[in-house]
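Here's the structure we're looking at; comments come further down.
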Amino acid sequence: MAVNTTLGAARQFMPYFVVTGALSMGYGSVFTLLAEFREKFGFSETELGVIAGVGFFAGVIAQVGLARFADQGFVRLLIHIGMIVAIVSMLGMAVADQAWQFIAARFFLGAGTGAVGPAVRRILITRDPTNMGSNLGAMGAFDVSGFVLGPVVAAAFAEFVNLRAPFLFLAGLYVVIYAWALRLDLSAGEAAHVRIPVRNLLKHRPMVAGILAGIAFYTTIGVFEASWAVLLDDLGASTLLIALSISLFALPMIPLAPLGGRYAQRRGPVRVMAVTIMGAVACMLVYGYVEFMWVLIAISAVHAMFDAYTMPAGQLAVAMSAPTEQAAAAQGLYGAVGLVVSGLAAVAAGSLYDAWGPEVLFTGSSIVMVVALAGAVALGGELMGPASRPSSEPAPASS
């Protein structure tokens, strides 16, 4: 019954989930081909880390600089521009053969995705505040679904056609999705009449707590995405097996993320994240010290179950802490912080892996995660219990 209720509440937003899920396919396709880039173009691990991480930094610029305009009534414009930029980025990767060209294309993909995400989340939060946890989780599930399909599609096209084919396919897919998005209702509640600085959000302790928990979560995302393909490649895995392992990591998140968001709204987002992030820390430590490929793949599936609850809980923590007139700006701030952390982690992961190996990389990232989570628990008292206010009410005034 709970599953049916969750899916029913989210069904009205299905077309919007398809848009963000399609964009996620581009992210997944890049990560699964990193080992191929190293072999075909001779890129170093550091260059691969930059290719993986630069999209995150572009997303920061988009989410901090553009998300607030969704609160001011420009949801439609942000979604349209973001989709067009994503199309251009895929075409750029289809013709690139040097590291700087891939870096530039990844930058535009991150910028386009960063413009779309917070705008869609504002639609979810303002139209259905009583189910914002399950709706945010359902959107996350579609994003993960795109991430699952991206590696498989990219690996298949690269294996049976060539290395350019995945990007040409995704560019065509984005054109089709964009034509469909032109027909969607993109209204998202009453627009804010006064421009409120994004930094005002940081005056609320619950907001800071949610961001700290997000730092812990996105550390593991950045490290995993930049190093997983290389780690398995060094253990003898084929490109197709690497793609399938990434899919295996993501698959449990598809059914669990909507339930995770609903559970976090009922139990408290930071309370849920305290448990799930520590589970992820345990998995990260295993990656650094176990050299049996199939054991690592199995542990990654367990890791995914923890992340399925962590992902929507973090977005919900921010939604609970922000006033409605800054709903998109808050999601953009949370996403931007996450992208900074993911980007730094991705870039650092390449260098650390190259210099000292997986033991130092995964142990160090685990320490960062524990420290950030401790800060979130210390500051997140109001988020340790269930959501007690709809998102349409003012945010808590605590500071």
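Structure notes:
- Any hit, region 55-71, residues being more than 15 Å from the chain's Cα centre (by Cα) and either polar (S, T, N, Q) or within 22 Å of Leu173 (Cα to Cα) (or both): no
- Against the test of being part of a helix (DSSP H, G or I), in contact with a Phe, Trp or Tyr (Cβ under 9 Å, 6 or more places away or on another chain) and not charged (D, E, K, R), the options Ala274, Ala209, Ala213, Ala264 yield a single qualifying residue, Ala264.
- Residue check, Gly53 part of a helix (DSSP H, G or I) and closer than 21 Å to Gly350 by Cβ: yes
- Within region 341-367, the residues that satisfy the criterion of being buried (at least 20 other Cβ atoms within 10 Å of the Cβ) and among the β-branched types (Val, Ile, Thr) are Val341, Val347.
- Residue in region 213-220 that is hydrophobic (A, V, I, L, M, F, W, C), at pLDDT 75 or above and farther than 18 Å from Arg121 by Cβ present: yes
- Only listed residue being assigned to a helix (DSSP H, G or I) and either among the basic types (Lys, Arg) or modelled with pLDDT under 90 (or both), chosen from Leu91, Leu109, Leu66: Leu66
- Scanning region 127-144 for residues that are of a type in the set (Ser, Thr, Tyr) and surrounded by 24 or more Cβ atoms within 10 Å (Cβ to Cβ) gives a single hit, Ser134.
- Residues of region 90-126 satisfying the condition of being aliphatic (A, V, I, L, M), touching a residue at least 40 places away in the same chain (Cβ under 8 Å), closer than 17 Å to Glu47 by Cα and crowded, with 24+ Cβ neighbours inside 10 Å: Met93
The values are calculated or read from the model by the stated rules, or taken from the named source; none is laboratory data. Worth saying up front: this structure is predicted, and the values here are computed from it rather than measured. Cβ sites come from the backbone with ideal geometry, for glycine too, and all protein chains shown count toward neighbours.
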